[in-house]
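Accompanying notes for the structure given below.
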Amino acid sequence: MSPNPTSVVTWVLALVVPFGTAVVLTGFLTLIPPEVLFEIAKVHFAAIVGLPTAAVFFAFLVVVLQQASGPVKFEGLGFKFEGTSGQVVLWIFCFLAVAAAIKLLWNL
């Protein structure tokens, strides 16, 4: 029995994307002088750390949900999303919700 190519690509991405993100982030952190990095991170923490982390987390979550339960399907407001479009729309909804929450709660 040969593995499904889509399943193989999905699992490779689920493993490679977080590792690649960590490698790239580590590279940037070693190239920027610490004092500049701390000032930028202090002023723009939500944009530098919060939103990219949310984007990667929800991409990972959508891929894992698709692997666990099959293609993502949902209907709402007269729209019907199935398959890849369901995954993309779910990721957008999740990301926008977290971005709005970060914006709303940032100055508390």
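Assorted remarks:
- FRET efficiency, 1/(1 + (r/R0)^6) with R0 41 Å, evaluated for Val8 and Phe28 via beta carbons: 0.85
- Dipole magnitude of the chain, debye to nearest 20 (Cβ charges: Lys/Arg +1, Asp/Glu -1, about Cα centre): 160
- The modelled label-to-label distance between Val89 and Val43, using points 7 Å beyond Cα along the C-beta direction, is 4.0 nm.
- Take the convex hull of the alpha carbons in the range 10-53; its mean projected area over all directions comes to 3.3 nm².
- Only one item in (i) 12, 33, 30, 18, 6, 0; (ii) 13, 34, 24, 18, 9, 2, 0, 0; (iii) 14, 48, 33, 5, 0 matches P(r) over Cα pairs in 10 Å bins from 0, in percent derived from the coordinates shown, and that item is (i).
- Normalised contact order of the chain, rounded percent, pairs of Cα under 8 Å and 6 or more residues apart: 23
Since every read-out is calculated from the coordinates, none of them should be taken as a lab result. Just so it is clear, the structure is predicted and the values come from calculations on it, not from any experiment. Quick reminder, even Gly has a Cβ in these numbers, built from the backbone with ideal geometry, and neighbours come from all protein chains shown.
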